[in-house]
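Read through the structure below, which is laid out as structure tokens, and then see the notes.
The values are calculated or read from the model by the stated rules, or taken from the named source; none is laboratory data. Fair warning: this is a prediction, and the values are worked out from it, not measured in the lab. Glycine also receives a Cβ, built like all others from the backbone with ideal geometry; neighbour counts cover every protein chain displayed.
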Amino acid sequence: MTKPTIATCSLAGCFGCHMSLLDIDERIVDLVQLVQFDRSPLTDIKHCSEQGVDIGLIEGALCNAENIHTLREFRRRCRILVAVGTCAISGGVPALRNRIPVEECLNEAYLQGQGIDQPQIPNDVELPLLMDKVYPVHEVVHIDYSLPGCPPPADAFWSLLTALLEGREPSLDYPLRRFD
Amino acid sequence: MHAMNYQRINQILDDHGRNPLRLVQILIGIQAECGGIPASVRDYISKALAVPLAQVHGVVAFYHFLSPEIQGQYRIYVADNIIDRMHGNQEVMATLLQELQAERGKPRADGQVFIDYTSCTGLCDQGPALLINSRALTHVTPDRAKEIAERINAGEPLNNWPSHWFQVEESPRVAGPVLASQFEPGRGLQAALEMGPAQYLKEVERAGLRGRGGAGFRTAIKWRVSRDAPGKTHYVICNADEGEPGTFKDRALLTRDADAMFEGMTLAGLVIGAEKGFLYLRGEYTYLYSQLVATLARRRAEHLLGKNILGREFNFDVEIHLGAGAYVAGEESALIESLEGKCAVPRPRPPFTATHGYLGQPTVCNNVETFVKTALIAQNGADWFLECGTRYSPGSKLLSVSGDVARPGIYEYPFGTSVQTVLEACGARETQAVQIGGPSGTCITPNEFDRAICYEDLSTGGSFMVFNRSRDMLSVVQNFIHFFADESCGFCTPCRVGTQLMRRAIDKIVAGKAGARELKEIEHAAKCTRAMSHCGLGQTATKPFLDTLDRLRPQYEARLSNLDFVPNFDLDQSLSKTRALSQRDDPHAHLPQTGEACDARI
Amino acid sequence: MQESEFSFELDGTDLPFEPGQSIMEAATQAGVYIPHLCHHPDLRRNGSCKLCTVKVNGRFGSACALPAQAGCTVESNTSELQEMRRQIVQMLFVEGNHYCPFCEKSGNCQLQVVAYHVGMVDMHFPPFNTARQLDASHREMLLDRDRCIQCARCVRASQDLDKKNIFGLAGRGMNIRLVVNSDSGLLGDTDFSSADHAAQVCPTGALIRKDQAYPCPIGSRLYDTPISQHTIRQDARHD
Ligand SMILES: Cc1cc2nc3c(=O)[nH]c(=O)nc-3n(C[C@H](O)[C@H](O)[C@H](O)COP(=O)(O)O)c2cc1C
Ligand code: SF4
Ligand code: SF4
Ligand code: FES
């Protein structure tokens, strides 16, 4: 029997969700017994394997073109995709900029802001373009489950993953259900 | 900036006795006079009437035909019910925008012209229709639209336009007992006065008359509850809001049987002990206002209205209030809010209108057709009324037939008549579906055409819209869903948000961009909106979708995308601003909406 | 037999009530929690959020608006209703802009705790991204319309308890907004005070004190423990 595979990935987020996953402490050892980690900042594997993974955890919101490509590629390779954390679910802290038109953001950052030396909006083709707003992931791909929290408590990861691995419908107890 | 004519505004305030209860009426007057109600005027009105500024803002923002900015001398609303669409209203709109050099929904740069769509104007038998400064124009072709634009561009006042442009025809196609009756003003009233209010109420009860506005509540019970309810004053309201798309039978009655309707109201006043009645006339029917006022004046002169009616100690009079474009104002408690000068938001119930209506007093609210019938029952007797209909639905019903039929118009049939009979009479062919009772009613397909029109089977307020096989029923549903989303009053969550979600979903479905999973999810949400909404609007708003999903599921399935998921917003568009700012147009500066990237996953 | 004459059944338990009480009031008195947002014990009923929807003798209705009636059967804590309530809360979330991680009210917010209670874990629906006006003009209070759920609690409190009539709801459908009764439309130009009842009743972070920021640490906030009648009542008394 091959072990189920897990991948994790981050968009516009702070890696706090990944840190929180690590916060399951010594249970990480149990987890590694149960699953095989595929693409993840933890393994430094950059793309999911061709045959796909069983569970994908995605952290962060969508704020630029690269996020869209990353999310879509990740979705294609994951049988179950879990949106992890407030940023992925609602846009979270990155969405603070949604109150401000994107041209004003760029203006402030690159043209008019204090201490800017050579005002210019970067135009290198290597740089991903910002979208007009920050969007949650469910606007662009289908999401199978969500793990709320900023970040979700370590126990919530544990609860969700064990349920999925045992083929149960995940459900979070009240203290594990939180939006902040 | 227009200099506002405060002298005229003061005049309007005085005409309405500076009565805050008439706030909606005052604002309608100002809108007509000044073409809009800007902030300075709202402020002025708030102070003049001592009503909170927030209420004035609220009312102006609530009703379609009131606007917080000056719209100009010509305010045009093109009817946008699905039937008007089928008649080509979009070409009419396009022509008008082109010829007038205007943008839809925005005052033209010179501040002279405003043009937008509005929901059904009650002229589906004579569409495409439009309203200019509250006057109705029927059978508007693109050629006519050009002529209209020419006259507007030349600044010609409406009164100089050819009068036949404004012709609204009222000729019933099939007349039943009501339309064929010879109504003699005052005869029924005389009879009721002679037998006494209690006995007359018994006649109405014996006739088994049920409300013709849609819900079918027993009229006699409503009147009795209201009569017996304690209160300083009792009121009678006639609901002439006729907002259900595809309905225009009240328009016909208001035009040809207003006398009977007013007599019906007077009889209600006699029964419940009211001295005051209101006719709530939808803003779209403003063109009927002056002839209705004339009918009232004539009835007063004939001692059928006013003090000491027919020489008895019985006083009753009627005041006409206009609506200003709000479907929900047809809901009786919302209508009463509007009569009290507020936004038309349905009240929590209980208490019910019959005991706590206008100003919290016992109030009877009935439909135009109901009142016409109570008058005819007084004149002709309950037995006459009982000559047709079914056991639970005695009498006849006026139907407004429109859509894919050879002869649109008013048809009067006994309750119990089959849909098939009506379809044959109006010359419908290759019929795919009939929407009975308007968007809030029921959509039926050919295997149900033997069903009967009556309260126990297919209940209807009168709308009867026919669609032949060439029609795309999903765009019919889309039109209805947009209607509800535009008309939700916004009071309760499931309707305010739910109808918007429905709008987004149906647009995505019709565009072929929604998947099976999404269809299932929106069905789920539609059921929540149906179950939890505060009033009939939200409770029925998802019905066009749920009905057709039930009966025409293959049409939905044929539209579903087999992609895993199509993004909800335009990805490439979302980069357009930064693309421009960084002056890029390389492949990385674009995003595909679909394609490999969103195909089914492994 | 006074007892049985005025009682009804709520989720299988007999509850006594006083004539004239709503189902919500009777339940509250008996210590049973029915999810709600626009209802507030000190305010006139409103019935707009629809979170308190129950089934009375098989028919849907609002517990806060319907009078308790002897002998009726009320269902509240069923999976059908909780599921629909979850959708209602999700609707409120997508309609506004609710970002809990940076909201001062988080942990003390009734919208959030009701979401927890009905098992909401995501927004589910597409967000509306509505642009709403922020009003920071008042010395003591902030009005962040992004977080307003149009429950009209502040409107009613200001009208009925404070007799100031500072707020109103204006507009139609999804364009409905909380408006302020002053020529400028700004809160700073009214005689609103943080001591007003209206300043205490907002269930969300829409109408909030400026000088408090995050008043208590995570773990000791009102709703860090599961919702109960007790915490809701505490909240209703004073935030
Ligand atoms: C959203 C909504 C719109 C309504 N519009 C109308 C209307 O335009 N005309 C009408 O007579 N009744 C309308 N009704 C029904 C009225 O609330 C009320 O039941 C009716 O006027 C009672 O009159 P009846 O008993 O004579 O039918 C509407 C109800 C709802 C919920
Ligand atoms: S159901 Fe719709 S129209 Fe009726 S009260 Fe609710 S929001 Fe208003
Ligand atoms: S500000 Fe608060 S209390 Fe007032 S309507 Fe909005 S959510 Fe309700
Ligand atoms: S609490 Fe009952 S409708 Fe809001």
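With respect to residue B:406, is the statement that it is away from chain C (no Cβ under 14 Å) and not basic (Lys, Arg) true? Considered against the rule, which asks whether it is away from chain C (no Cβ under 14 Å) and not basic (Lys, Arg), residue B:406 comes out as yes. Pairs meeting the criteria (first residue in segment B:320-342 and without any contact (Cβ under 8 Å) to a residue 60 or more places away in the chain, second residue of a type in the set (A, V, I, L, M), beta carbons under 8 Å, at least 6 apart or on different chains) are B:320/B:279; B:320/B:281; B:320/B:292; B:320/B:293; B:320/B:296; B:337/B:344; B:337/B:345. Only one entry in C:92, C:134 is without any contact (Cβ under 8 Å) to a residue 60 or more places away in the chain and within 26 Å of residue B:567 (Cβ to Cβ), namely C:92.
Could you check, for segment C:147-154, whether at least one of its residues is more than 16 Å from ligand 4 (Cβ to nearest atom), over 26 Å from residue B:63 (Cα atoms) and either away from every other protein chain (no Cβ under 12 Å) or within 16 Å of the chain's Cα centre (by Cα) (or both)? No, segment C:147-154 contains no residue that is more than 16 Å from ligand 4 (Cβ to nearest atom), over 26 Å from residue B:63 (Cα atoms) and either away from every other protein chain (no Cβ under 12 Å) or within 16 Å of the chain's Cα centre (by Cα) (or both). Of the residues making up segment C:136-152, one or more are within 16 Å of ligand 2 (Cβ to nearest atom) and under 21 Å from residue B:46 (Cβ atoms). Consider residue B:376 carefully, then state whether it is assigned to a strand (DSSP E or B) and either touching a residue at least 40 places away in the same chain (Cβ under 8 Å) or surrounded by 24 or more Cβ atoms within 10 Å (Cβ to Cβ) (or both). It is false that residue B:376 is assigned to a strand (DSSP E or B) and either touching a residue at least 40 places away in the same chain (Cβ under 8 Å) or surrounded by 24 or more Cβ atoms within 10 Å (Cβ to Cβ) (or both).
Of the residues that sit in segment B:34-48 and are charged (D, E, K, R) and surrounded by 14 or more Cβ atoms within 10 Å (Cβ to Cβ), which one is farthest from the chain's Cα centre (by Cα)? Step through it out loud before you land on a result.
Taking segment B:34-48 and keeping what is charged (D, E, K, R), we get B:42-43, B:47.
Next cut, surrounded by 14 or more Cβ atoms within 10 Å (Cβ to Cβ) only: B:42-43.
Details: B:42: 27, B:43: 30 Å.
Selected residue: B:43.
Per this entry, residue C:164 is counted among residues that are touching a residue at least 24 places away in the same chain (Cβ under 8 Å), away from ligand 2 (no atom under 16 Å from the Cβ), surrounded by fewer than 19 Cβ atoms within 10 Å (Cβ to Cβ) and assigned to a loop (DSSP other than H, G, I, E, B). Looking across segment B:62-76, the residues that are assigned to a loop (DSSP other than H, G, I, E, B) and closer than 19 Å to residue B:42 by Cα come down to B:63, B:64, B:65, B:66, B:67, B:68, B:69, B:70, B:71, B:72.
With respect to the conditions (1) outside any helix (DSSP H, G or I); (2) at pLDDT 95 or above, residue C:131 falls short on a single one, namely (2). Does residue B:140 count as buried (at least 23 other Cβ atoms within 10 Å of the Cβ), closer than 25 Å to residue B:399 by Cα and in contact with a Leu (Cβ under 9 Å, 6 or more places away or on another chain)? In short, yes. Return the total of residues in segment C:38-48 being under 14 Å from residue B:494 (Cα atoms) and more than 11 Å from ligand 2 (Cβ to nearest atom). Adding up the residues that qualify gives 1. Does residue C:159 fit the bill of being within 14 Å of chain B (Cβ to nearest Cβ), surrounded by fewer than 21 Cβ atoms within 10 Å (Cβ to Cβ), within 21 Å of the chain's Cα centre (by Cα) and closer than 30 Å to residue C:27 by Cβ? Answer is yes for this residue. Residue B:297 falls short on exactly one of the conditions (1) aliphatic (A, V, I, L, M); (2) surrounded by fewer than 19 Cβ atoms within 10 Å (Cβ to Cβ); (3) farther than 25 Å from residue B:13 by Cβ, and that condition is (3). Among the conditions (1) surrounded by fewer than 23 Cβ atoms within 10 Å (Cβ to Cβ); (2) polar (S, T, N, Q); (3) at pLDDT 95 or above, residue C:150 misses just one, which is (1).
When we screen B:370, B:374, B:390, B:442 for residues that are at pLDDT 95 or above and over 23 Å from residue B:223 (Cα atoms), the only hit is B:442. Residues in segment A:149-169 that are closer than 23 Å to residue C:106 by Cβ, among the aliphatic types (A, V, I, L, M) and surrounded by fewer than 23 Cβ atoms within 10 Å (Cβ to Cβ): A:154 only. Checked against the criterion of being touching a helix residue (DSSP H, G or I) at 6+ places or on another chain (Cβ under 6 Å) and farther than 30 Å from residue B:499 by Cβ, the candidates C:51, C:15 yield just one match: C:15.
With a requirement of 3 or more residues that are in contact (Cβ under 8 Å) with a residue 40 or more places away in the chain and either closer than 30 Å to residue B:325 by Cβ or facing another protein chain (nearest Cβ under 7 Å) (or both), the helices (runs of 4 or more DSSP H) lying completely within segment B:488-596 that satisfy it span B:493-510, B:536-541, B:543-551.
In segment A:111-139, the residues that are in contact (Cβ under 8 Å) with a residue 24 or more places away in the chain and under 25 Å from residue B:572 (Cα atoms) reach residues that are among the polar types (S, T, N, Q) and assigned to a loop (DSSP other than H, G, I, E, B) with C-beta atoms within less than 8 angstrom, at least six apart or across chains, in these pairs: A:129/B:582; A:133/C:129; A:139/B:568.
Screening residue C:179 with (1) out of contact with any strand residue (DSSP E or B) (no Cβ under 7 Å at 6 or more places or on another chain); (2) closer than 22 Å to residue C:94 by Cα gives one miss only, at (1). Taking helices (runs of 4 or more DSSP H) as the structural unit, those lying wholly within segment A:1-97 and holding at least 3 residues that are without any contact (Cβ under 8 Å) to a residue 40 or more places away in the chain correspond to A:27-34, A:65-77. Within segment B:290-345, the residues that satisfy the criterion of being more than 16 Å from ligand 2 (Cβ to nearest atom) and among the acidic types (Asp, Glu) are B:302, B:313, B:317, B:319, B:340.
So which residues in segment A:131-171 are in a strand (DSSP E or B) and within 11 Å of chain C (Cβ to nearest Cβ)?
Going residue by residue through segment A:131-171, those that are in a strand (DSSP E or B) are A:131-135, A:145-147.
Within segment A:131-171, A:132, A:133, A:134, A:135, A:145, A:146, A:147 meet the criteria.
The set of residues in segment A:75-102 being within 14 Å of chain B (Cβ to nearest Cβ) and loosely packed, with under 15 Cβ neighbours inside 10 Å consists of A:79, A:100, A:101. Take residue B:355 and tell me if it is within 14 Å of chain C (Cβ to nearest Cβ) and of a type in the set (Ser, Thr, Tyr). The answer is yes for residue B:355. Going through segment C:51-68 one residue at a time, which ones are in contact with a Phe, Trp or Tyr (Cβ under 9 Å, 6 or more places away or on another chain) and part of a loop (DSSP other than H, G, I, E, B)? Of everything in segment C:51-68, just one residue is in contact with a Phe, Trp or Tyr (Cβ under 9 Å, 6 or more places away or on another chain) and part of a loop (DSSP other than H, G, I, E, B), namely C:68. If you check residue B:237 against the conditions, is it without any contact (Cβ under 8 Å) to a residue 24 or more places away in the chain, within 12 Å of ligand 1 (Cβ to nearest atom) and either outside the structural domain of residue B:544 (by TED's automatic domain parsing) or surrounded by fewer than 23 Cβ atoms within 10 Å (Cβ to Cβ) (or both)? Here the answer is no, as residue B:237 does not meet what is asked. Yes or no: residue A:117 acidic (Asp, Glu) and either away from chain C (no Cβ under 13 Å) or in a helix (DSSP H, G or I) (or both)? For residue A:117, the condition - acidic (Asp, Glu) and either away from chain C (no Cβ under 13 Å) or in a helix (DSSP H, G or I) (or both) - is met.
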